[in-house]
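Engineer: Can you keep this structure in mind? I'll have questions shortly.
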Amino acid sequence: MPADRAAPPVADYLLLALLATVWGASYSFIKLGVATIPPVTLIAARTMIAGGILLLVLRLRSIALPTDGRTWRLFAVQALVNSTIPFVLIAWGETRVDAGLAAILNSTSPIFTFLFTWAVTRHEAVTGRKLFGVAAGVAGITLVIGLDALSGAGQQLLPQLAIVAATVCYGIAAIFGRNFKGLDPMVPAAGSMLAGAAMLIPLSLLLDRPWALAPSAASLGALAGLAVVSTALAFVIYFRLIASLGSVATMAQAYLRVPIGVAIGVVFLGETPAPTALSGLALVVIGVAAMTLPSRARAKTKPA
């Protein structure tokens, strides 16, 4: 008799919530950072600092990065679709778009992951329940932010499209991340960050002349939070969850970013959530559960 699929441990769901929190905070960090640091330089520094931290932790754990060319080519592709391109697109978009709207637009990544899985890779079962989870998550986000919050959508089309394009990249990256299942989660996290830094640092030197910049203390603090918390820590959790929950379920945390972002705004910025926020939060939780909880084991196979 085939073994039933074991339910993921509670720790995985706690990590999913933590990932949503640290990535939800990244939009505010980016908004503060790009105030005085150009987007390419901000993201080059983000990936360089995060990669360095992860490399140091690997050294302390006596884990070596792979040395073969194939793995580093995979790291480079992962860097392109999961950090280099989307990070720069979001940072550039946030020079013109509010952090809240960026979080809203970027929260649709589970939809793209679901669609890529359904149409291209088919590496996970695409069920009606997951489709329901996508719909519930979108409806919940709409209620959390309130319909009035979308009134600015379309007024700055190009930056908004850039953030949506970043979201498409994340959908691809969640599926591509399956290539690293046999590795310690910190290894692809460090490798992709270092590969991304190698791509972005020359661009930063060429485009922004960072030695001539005068970033504010707020921007430097935001950069530190972005690199250490929302990148180094976040990517270790991300690759851990890709291996345990799968790509569609891991990307479901994107729905949690919006209510978490609203809560951060209420506590630290004095913002007032939409009246429908609690109803929306309930739908978001239902949607995430539908996309992450394992299906019940099928009935036993018929005897031969």
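The values are calculated or read from the model by the stated rules, or taken from the named source; none is laboratory data. The structure displayed is predicted, hence computed values, not measured ones. Note that we place each Cβ from the backbone using ideal geometry, even for glycine, and neighbour counts take in every protein chain shown. Quick note on the areas: whole protein, heavy atoms, side chains included, nothing else; ligands and nucleic acids left out. Shrake-Rupley method; radii C 1.70, N 1.55, O 1.52, S 1.80 Å.
Engineer: Looking at (1) over 21 Å from the mean Cα position of the chain (by Cα); (2) open to solvent by 60 Å² or more (accessible area, probe 1.4 Å), can you tell me which one LEU183 breaks?
Structural biologist: Only one criterion in (1) over 21 Å from the mean Cα position of the chain (by Cα); (2) open to solvent by 60 Å² or more (accessible area, probe 1.4 Å) is unmet by LEU183, namely (1).
Engineer: Quick check: anything in the stretch 99-112 over 21 Å from TRP23 (Cβ atoms), modelled with pLDDT under 95 and open to solvent by 40 Å² or more (accessible area, probe 1.4 Å)? Can you show your working first?
Structural biologist: First pass over the stretch 99-112, keeping only residues over 21 Å from TRP23 (Cβ atoms): none.
Within the stretch 99-112 (the criterion being over 21 Å from TRP23 (Cβ atoms), modelled with pLDDT under 95 and open to solvent by 40 Å² or more (accessible area, probe 1.4 Å)), the answer is no, since none of the residues qualifies.
Engineer: So how many residues does the stretch 207-218 have that are modelled with pLDDT under 95 and assigned to a helix (DSSP H, G or I)?
Structural biologist: Number of matching residues: 5.
Engineer: A follow-up question, please. Only one of (1) more than 20 Å from ALA243 (Cβ to Cβ); (2) open to solvent by 20 Å² or more (accessible area, probe 1.4 Å); (3) among the hydrophobic types (A, V, I, L, M, F, W, C) is not met by VAL77, so which one is it?
Structural biologist: With respect to (1) more than 20 Å from ALA243 (Cβ to Cβ); (2) open to solvent by 20 Å² or more (accessible area, probe 1.4 Å); (3) among the hydrophobic types (A, V, I, L, M, F, W, C), VAL77 is out only on (1).
Engineer: Kindly establish whether ARG96 is open to solvent by 10 Å² or more (accessible area, probe 1.4 Å) and not in a helix (DSSP H, G or I). Explain how you work it out, then say what you get.
Structural biologist: On the way: open to solvent by 10 Å² or more (accessible area, probe 1.4 Å): yes; not in a helix (DSSP H, G or I): yes.
Judged against the criteria, ARG96 is a match.
Engineer: Residues in the stretch 229-237: is at least one of a type in the set (A, V, I, L, M), touching a Pro at 6+ places or on another chain (Cβ under 7 Å), part of a helix (DSSP H, G or I) and under 30 Å from LEU16 (Cβ atoms)? Working first, answer last.
Structural biologist: Within the stretch 229-237, the first condition is being of a type in the set (A, V, I, L, M), and the residues that meet it are 229, 232-234, 236-237.
Restricting the remaining residues to those that are touching a Pro at 6+ places or on another chain (Cβ under 7 Å) gives 236.
Checking the rest, the ones that are also part of a helix (DSSP H, G or I) come to 236.
Those still in the list that are under 30 Å from LEU16 (Cβ atoms) too: 236.
For the stretch 229-237, residues of a type in the set (A, V, I, L, M), touching a Pro at 6+ places or on another chain (Cβ under 7 Å), part of a helix (DSSP H, G or I) and under 30 Å from LEU16 (Cβ atoms): present.
Engineer: If you don't mind, another one. Looking at LEU19, LEU60, LEU32, which is the one that is open to solvent by 50 Å² or more (accessible area, probe 1.4 Å) and closer than 19 Å to ARG257 by Cβ?
Structural biologist: Details: LEU19 fails: open to solvent by 50 Å² or more (accessible area, probe 1.4 Å); LEU60 fails: closer than 19 Å to ARG257 by Cβ.
None of the other options fit; the residue is LEU32.
So that you can scan it fast, the table gives a plain yes or no per residue for (1) crowded, with 24+ Cβ neighbours inside 10 Å; (2) of a type in the set (Asp, Glu); (3) more than 13 Å from the chain's Cα centre (by Cα):
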residue	(1), (2), (3)
ASP208	no, yes, yes
ALA214	no, no, yes
ALA217	no, no, yes
LEU226	yes, no, no
VAL229	no, no, no
VAL236	no, no, no
SER247	yes, no, no
ALA252	yes, no, no
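Engineer: Pairs only if they're at least six apart or on different chains, beta carbon under 7 angstrom, first in the stretch 45-57 and farther than 27 Å from LEU213 by Cα, second open to solvent by 10 Å² or more (accessible area, probe 1.4 Å); list them, first residue then second.
Structural biologist: LEU55/LEU194; VAL57/MET186
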